[in-house]
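Here's the structure we're looking at; comments come further down.
The values are calculated or read from the model by the stated rules, or taken from the named source; none is laboratory data. These numbers were taken from a predicted model, which means no experiment stands behind them. All Cβ positions, glycine included, derive from the backbone under ideal geometry; neighbour counts span all protein chains shown. For accessibility, only protein heavy atoms count, side chains too; no ligands or nucleic acids. Shrake-Rupley method; radii C 1.70, N 1.55, O 1.52, S 1.80 Å.
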Amino acid sequence: MMKALCLLLLLLGIPGDLAGALKLGFPFRDHAVLQAGKPLPVWGRAESAAEVLVRLGEREKITRARSDGSWRVEFASADPSGVGVSMLVRSGESEIVVNDLVFGEVWVASGQSNMRWRLRDCVGGPEAVRAGDDARLRVWDLEGRLPTNANPYPVNLLKGINESNFYETKGWQRAGPKSLGAFSGVGYFFAKRLRQELGVPVGVIHLAVGGSPMEAHLPPGTLAAHPDWREFADDWWDHPDYPAWCRGRAALNLRGWFADPPEERAPVHPFAPGFLWKAGVSRILPFPVRGILWYQGESNATVDGGTGPAVGRTINREKFESLIRSWRKGWDEESLPFYFVQLPGLNRDWEEFREMQREVSREVPGTGMVVTIDVGHPTNVHPRDKRPVGDRLARWALRGTYGRKEVLVSPELRGVDFQGARVVVSFDRQVVSKGVLAGFESAGEDGVFRKAQAMLAGRLVVVEDPLGREVKGVRYAWADHPVAALTGPEGLPVGPFWEQERNEKDQGERREPQVVGPGNQMN
């Protein structure tokens with residue numbers, strides 16, 4: 001009877017939610033990885049005030065749908081387990097069953113095209129795809145229905161797309177040749193390293209969109225509350241303060257819409273402020289995850305998203321810190337690990353953006369920055385070697401989140417001691433040089449930087465000003481595509497930096513993120 005009524009209402013044009021159709025939250029699909037060690041909320045919709053039973057393995061919860069049809073239950077945390085269980089949801093005569101659910105470690109991978117870059121197109125990617133069979137490594141790929149390439153969108157396609165259907169997906173899939181080719185290369189290499197080190201199921205949810213600015217990934221409420229950002233909420237595609245490359249590409253994509261607007265509403269575009277939050281993250285919440293992986297900045301780093309001058313560091317820092325805070329607030333976890341990729345070398349003015357990222361990594365607790373200055377390309381914005389990027393993100397997760405202190409990340413700057421015509425730069429561990437130690441510059445009172453001689457001494461680098469000036473500033477690898485010779489003994493690169501003379505009390509130390517991790521381990 002209920003199924004027949006729902007069908008009748010749908011034929012009459014009444015949405016399924018209002019028709020009382022039983023639904024389960026977006027992330028709960030066959031083969032899903034459920035986050036171990038955290039309480040598990042399960043939610044969905046049903047007929048108003050109807051009783052809903054949820055059975056997860058041998059555990060069972062019963063609740064009643066609210067007046068609007070929404071319902072939610074919560075299961076206690078579980079240890080990692082590679083043995084699949086089923087979830088049954090029943091209300092009246094309707095039921096939903098999802099199978100092969102495992103408990104393990106879940107990470108979200110987002111950003112723009114370098115996170116989106118497919119495994120099959122990476123260096124060593126085809127081989128990784130062929131050898132990728134692993135039933136306990138699982139991927140959930142969310143692919144935007146509007147490609148952000150240089151082509152106009154058909155107006156009829158735009159009419160049918162909104163936040164609720166922008167992403168297409170085949171659901172959670174076990175890792176293998178059929179599921180990995182189109183998946184994020186960075187996301188896969190990260191997950192593979194975690195699988196090897198932790199021995200528990202690992203799942204990665206991927207929803208990056210090529211070219212997308214930070215603004216598209218921010219919650220609309222965050223944008224609306226900011227005095228400068230609320231101004232472009234409605235007419236972003238024509239607002240001078242919105243990232244220029246994104247506006248230009250959107251103007252091309254939306255050419256047909258603007259030529260003859262079919263409706264009195266703003267056009268849909270993945271670069272729109274808040275759009276990707278509403279289309280992706282908000283539909284996943286409150287599905288528990290262990291942390292966030294982020295690779296983005298190319299669209300925000302320069303005024304035109306290309307070879308133009310850099311955007312001010314303060315502007316981008318405010319946006320980036322707002323993004324981190326808002327994602328953590330969305331998951332209601334103030335210390336949710338947030339690991340991100342510093343932009344690599346390229347013939348673009350990215351130095352200020354890289355320094356902004358370094359500042360955030362030093363000053364925002366629970367974050368970590370992957371240095372990639374050595375794996376960029378002088379002219380290609382999409383360097384194809386993604387294995388080091390995924391591996392270095394995994395190193396941060398293993399060290400910062402899972403407490404594996406023996407796992408090393410890039411050496412980090414710990415102090416700068418200005419001593420007249422020289423400056424002593426100290427790191428948290430030993431550094432070495434691949435070939436001639438190059439890339440250091442010093443500046444005097446005039447602020448003019450000149451190439452400086454540098455000498456290694458364990459954890460220290462001593463930099464001598466070439467003119468014998470009193471040093472007021474020192475920087476390293478400060479170029480579009482610099483020579484990055486300084487590394488740890490195992491080859492992990494030191495990232496670019498710029499330090500000015502300042503009071504010792506202003507030189508803060510990184511606060512280590514809280515160590516959390518899986519319980520029982522298995523192969």
Of all residues in segment 50-85 being open to solvent by 50 Å² or more (accessible area, probe 1.4 Å) and of a type in the set (Gly, Ala, Ser), which is nearest to TRP140 (Cα to Cα)?
SER77
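Quick grid of which residues meet (1) more than 14 Å from the chain's Cα centre (by Cα); (2) open to solvent by 30 Å² or more (accessible area, probe 1.4 Å); (3) more than 21 Å from GLY144 (Cβ to Cβ); (4) at pLDDT 95 or above:
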site	(1), (2), (3), (4)
GLY280	no, no, no, yes
ARG290	no, no, yes, yes
LEU293	no, no, no, yes
GLY306	yes, no, yes, no
THR314	yes, yes, yes, yes
GLU318	yes, yes, yes, yes
GLU321	no, yes, yes, yes
TRP327	no, no, no, yes
For segment 190-208, give me the residue count where each residue is open to solvent by less than 10 Å² (accessible area, probe 1.4 Å) and either free of Cβ contacts under 8 Å to residues at least 24 places away in the same chain or under 19 Å from the mean Cα position of the chain (by Cα) (or both).
10
Under the condition of being in a strand (DSSP E or B) and among the polar types (S, T, N, Q), which residue from segment 52-75 is farthest from PHE28 (Cα to Cα)?
THR63
Flagged in segment 332-357 as in contact with a Phe, Trp or Tyr (Cβ under 9 Å, 6 or more places away or on another chain) and either in a strand (DSSP E or B) or among the hydrophobic types (A, V, I, L, M, F, W, C) (or both), in numbering order, are LEU336, PHE338, TYR339, PHE340, VAL341, LEU343, MET356
Go through segment 425-452 and give me each residue that's assigned to a strand (DSSP E or B) and over 24 Å from GLY491 (Cβ atoms).
SER442, ALA443, PHE449, ARG450, LYS451
Of all the residues that make up segment 401-413, how many are of a type in the set (D, E, K, R) and crowded, with 16+ Cβ neighbours inside 10 Å?
2
Report, ordered by the first and then the second residue, all pairs with beta carbons closer than 9 Å, sequence separation of six or more or different chains, a first member in segment 294-311 that is under 24 Å from GLY390 (Cα atoms) and free of Cβ contacts under 8 Å to residues at least 60 places away in the same chain, and a second member that is of a type in the set (D, E, K, R) and open to solvent by 30 Å² or more (accessible area, probe 1.4 Å).
ALA301/ARG348; ALA301/ASP349; ALA301/GLU352
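Kindly check whether there is at least one residue in segment 195-218 that is of a type in the set (Val, Ile, Thr), more than 19 Å from ALA32 (Cβ to Cβ) and in contact with a Leu (Cβ under 7 Å, 6 or more places away or on another chain).
yes
Per-residue answers, yes or no, for (1) without any contact (Cβ under 8 Å) to a residue 24 or more places away in the chain; (2) within 29 Å of the chain's Cα centre (by Cα); (3) farther than 16 Å from GLY420 by Cβ; (4) open to solvent by 20 Å² or more (accessible area, probe 1.4 Å):
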site: LEU456; (1), (2), (3), (4): no, no, yes, yes
site: LEU460; (1), (2), (3), (4): no, no, yes, yes
site: TYR476; (1), (2), (3), (4): no, yes, yes, no
site: VAL483; (1), (2), (3), (4): no, yes, yes, yes
site: PRO489; (1), (2), (3), (4): no, yes, yes, yes
Looking at GLU93 and the list (1) free of Cβ contacts under 8 Å to residues at least 60 places away in the same chain; (2) open to solvent by 40 Å² or more (accessible area, probe 1.4 Å), which single condition is not satisfied?
(1)
